[in-house]
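Shown next, in structure tokens, is the structure this report addresses.
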Amino acid sequence: MGFIFSPIVFLILFWLALSGHYTTLLLILGAASCFWVLMISRRMGINAHEGKPIHLVSWRIVPYWIWLIKEILLSTWAVSRMILSPGSSVRPQLAKIPANNMSDLSKVTYANSITLTPGTLTIEADGDELEIHTLRADMLEPLKRGEMADRVRKIERGHNREQ
Amino acid sequence: MMLSAALIAILVGMALLLIRAFVGPTIYDRILAVNNFGTKTVLVLALYGFVTERPDFLDIAIVYALCNFIATMAILKYFEYGDLGHVGKQPEDEKL
Amino acid sequence: MDGILSIIRDLLLIAGALAVLIGALGVIRFPEVFSRIHAAGITDTAGAGLIILALLIESGFSLISLKLLVIVLFLFFTSPTSSHALAKAAIHGRVLPLTHQDKG
Amino acid sequence: MIAIEFLVNFTLLGFLLATALVISRTNRLFQSVMLFGIYSLLTAALFVVLDAVDVAFTEAAVGTCISTILMLSALSLTGSRREVAMHRKSPALALGVSIALGAALAVGIMDMPEFADPNAPANLHVAPYYLTESVSEIDIPNVVTSVLASYRGYDTLGEVVVIFTAGIGVIALLAGRTGKRDED
């Protein structure tokens, strides 16, 4: 599964998916442009390792995404009610929550998931702590309980066991 | 019919964002408005393709999504560091 | 079957359009830039997601649905990144978030 | 269906006009760079509505992305955080010129053929040939691409040379600066 994320294979698959025209001339031009992009990114010193987010390929990401989409819809509903309610119901707060026992990639996943759910926003990700801005104090409660962090850690553990 | 209604709703949303981009007050409000305006343009293009029954225009929506992200990042980098040539902390720096 | 699908599609479109509208309204109504980022996030995630899901139902299975998937995946990966960058840049630019330390 | 096209068209044009007015009134460079971003998003959306997909593609890439970044690079080189002084000596003269120019353009537009008229002179000369033959002759599905890159290849080559020269100029201006920084 991992080889799909080697840059050149990924680029060529992406080109094939977007093109929709498969004549000889266009296929040659497409392959040439894929190699060109690859050369440019080599010259720019883009780390090939970063281009292989291998733990995002683990199948355990699927239940996590479904859970995340449910959370996004729930918090969208909460924030929408705040927007539509008359008067200002915004009581923003800053808080720090722990993000320990995580690899960098998991930390990014965690911080981005927090930002993706409306109502909470990662401002600073430094070391083992994330600084969170929230629209209302009670929106922070689920994060403090740490359910999302546990689920993010579970993706990674699952991947490590598979190897 | 519903597609057209959604298209109109997004156009109204665009108008609201234009107001935010015009009045500010901080520069970050404007950047936020421009970025979100870009997302809405992507949606308008996608919906418009389906309304006119020619969804081949989706490629442009993809280009838009890409450009919008890059432009937002460039603007923010400019405001954070004062110029675009600034290289943040990178693993390469530690090796050298 | 076709009827049910088109009803689902219409419902998704309505929900998505409402999310986009409410998000834009929030960008106007909320008091300062950090709160506005939350409102803008509604457009990026729920709004874009629901509308593109509706379009996926409309398009069936083809290259077009693949492109729609690319768009929605890209938005889901970039939107939190730019929100975070914006918040961070605003903090560094000495725009302090309004906070209420009182509980409730 | 036609009604929604008109609605989208006119709404986008209205947004475009509003943005242009605000840009002309603003006296901070950053704001105008930001608003130019919105302006080119709108322009490109309009190109899509008008069926000029290729132009929209270029406008999306160049207008939204490259020109924003170039303008910001220019701003960071000049470092002009100051407000630009506005010289408003004789608004009457400028207004007169604008109105005269606008009126001349309006008169000119009256002579143009209907929008998308298949019998307009421009659509009767070589266009039908390109539309019917280009796919079999050049084997590229997009007619605009085959016209630009093949039938009008020399013309495009000239344009590319112009853009290449401009690019070299920009790189020479911007890269000299970073080179100095590396030595520091």
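Only the coordinates and a few stated rules stand behind these numbers; no lab work does. Keep in mind that this is a model prediction, so the values were computed, not measured. So basically every Cβ, Gly included, is an ideal-geometry build from the backbone, and we count neighbours across all protein chains shown.
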(request) Return D:Asp139, D:Asp111, C:Asp10 ranked ascending by Cβ neighbour count within 10 Å, so the fewest neighbours appear first. (result) D:Asp111, D:Asp139, C:Asp10
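Can you give the mean number of other chain Cβ atoms that lie within 10 Å of the Cβ atoms in peptide D:48-58?
Numbers: counts 11, 5, 0, 3, 0, 5, 1, 0, 6, 5, 1.
Mean partner-chain Cβ count within 10 Å for D:48-58: 3.
In terms of the Cα gyration tensor, with a ≥ b ≥ c the square roots of its eigenvalues, is chain D rounded because a/c is under 1.5, prolate because a/b exceeds b/c, or oblate? Present the calculation step by step, with values, prior to reporting the outcome.
Working: a/c = 2.11, a/b = 1.26, b/c = 1.68.
Taking the square roots of the gyration eigenvalues as a ≥ b ≥ c, chain D is oblate.
Could you give the size of the charge dipole of chain D about its Cα centre, using +1 on the Cβ of each K and R and -1 on the Cβ of each D and E, expressed in debye and rounded to the nearest 20?
On the way: 10 positive and 16 negative charges, 285 e Å.
Dipole about the Cα centre, nearest 20: 1360 debye.
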(message) Net charge around D:Phe47, counting only other residues with Cβ within less than 12 Å of its Cβ (Lys, Arg = +1; Asp, Glu = -1)?
(response) -3
(request) For each cysteine in the protein assembly as shown, check whether another cysteine's C-beta sits under 4.7 Å from its C-beta; list those where none does. (result) A:Cys34
(request) For the range A:54-162, calculate the relative contact order in percent as a whole number, restricting contacts to Cα pairs under 8 Å that are 6 or more residues apart. (result) 33 percent
(request) Give me Rg over Rh for the range B:18-88, both radii from the alpha carbons and Rh done the Kirkwood way, two decimal places. (result) 1.11
(request) Considering the options A:Gly146, A:Ala111, B:Asn35, tell which one lies farthest towards the positive end of the dipole of the protein assembly as shown, charges being +1 on Lys and Arg and -1 on Asp and Glu at the Cβ, about the Cα centre. (result) A:Gly146
(message) Show me, for the range D:55-68, the HN-Hα J-couplings you get by feeding each phi into the Karplus relation (A = 6.51, B = -1.76, C = 1.60, θ = phi - 60°), rounded to Hz, glycine and proline as x.
(response) 5, 4, 4, 5, 4, 4, 6, 7, x, 6, 8, 5, 5, 4
(message) Can you show me the helix-derived [θ] at 222 nm for chain D, built from DSSP H runs with n ≥ 4 at -39,500 (n - 2.57) apiece and divided by the number of residues, rounded to the nearest 500.
(response) -23500 deg cm²/dmol
(request) Can you find, among C:Gly26, C:Ile52, C:Ile71, the residue farthest towards the positive end of the dipole of chain C? Put +1 on the C-beta of Lys and Arg, -1 on that of Asp and Glu. (result) C:Gly26
(request) Place a +1 charge on the Cβ of each Lys and Arg in the range B:18-88 and a -1 charge on the Cβ of each Asp and Glu, then give the dipole magnitude about the Cα centre in debye, rounded to the nearest 20. (result) 180 debye
(message) With 17 Å as the cut-off, how large is the P(r) tail for the range C:8-98, expressed as percent of Cα-Cα pairs?
(response) 56 percent
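Using R₀ = 51 Å, calculate the FRET efficiency as 1/(1 + (r/R₀)^6) where r is the Cβ-Cβ separation of D:Asn119 and D:Tyr154; round to 0.05.
Working: r = 30 Å, r/R0 = 0.58.
Calculated transfer efficiency: 0.95.
Please give the charge dipole size of the protein assembly as shown, origin at the Cα centre, charges +1 on K and R Cβ atoms and -1 on D and E Cβ atoms. Round to the nearest 20 debye. Can you show the working numbers first?
On the way: 41 positive and 45 negative charges, 366 e Å.
Dipole of the protein assembly as shown, to the nearest 20 debye: 1760 debye.
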(message) Apply the a/c threshold of 1.5 to the C-alpha gyration tensor of the range D:1-79 and tell me whether it is rounded, prolate or oblate.
(response) oblate
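Around C:Ile52, what is the net charge, scoring Lys/Arg as +1 and Asp/Glu as -1 over all other residues with Cβ under 11 Å from its Cβ? Mind dumping the intermediate values first?
Numbers: positive: C:Lys67; negative: C:Glu58.
Local net charge: 0.
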(message) For a quick check: with amide H placed at 1.01 Å from N, whose amide H comes under 5 Å from A:Glu129's, ignoring anything fewer than 5 positions away on the same chain?
(response) A:Ala99
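Give me the compactness ratio for the protein assembly as shown, meaning the Cα radius of gyration over 2.2 N^0.38 Å.
Numbers: Rg = 24.7 Å, N = 547, 2.2 N^0.38 = 24.1 Å.
Output field value: 1.02.
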(request) Measure nothing fancy, just the Cα-based angle from helix D:153-183's long axis to the longest principal axis of chain D, in degrees from 0 to 90, nearest 10. (result) 20 degrees
(request) Rank these for me by crowding, D:Val162, D:Val62, going from fewest to most other beta carbons within 10 Å. (result) D:Val162, D:Val62
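What ranking do D:Cys65, B:Cys67 get, fewest neighbouring Cβ atoms within 10 angstrom at the top? Walk me through the numbers before you get to the answer.
On the way: D:Cys65 21, B:Cys67 24.
Exposure proxy ranking, most exposed first: D:Cys65, B:Cys67.
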(request) Using all C-alpha to C-alpha distances in the range A:54-162, build P(r) with 5 Å bins and read off the rounded percent in each one. (result) 2, 12, 23, 23, 18, 11, 6, 3, 1, 0, 0
(request) Could you compute the FRET efficiency for A:Leu29 and D:Val55, with r as their C-beta to C-beta distance and R0 at 25 Å, rounded to 0.05? (result) 0.75
(request) At 7 Å along the Cα-to-beta-carbon direction for both D:Met110 and B:Met1, put a label point, then send me their distance in nm to one decimal. (result) 4.2 nm
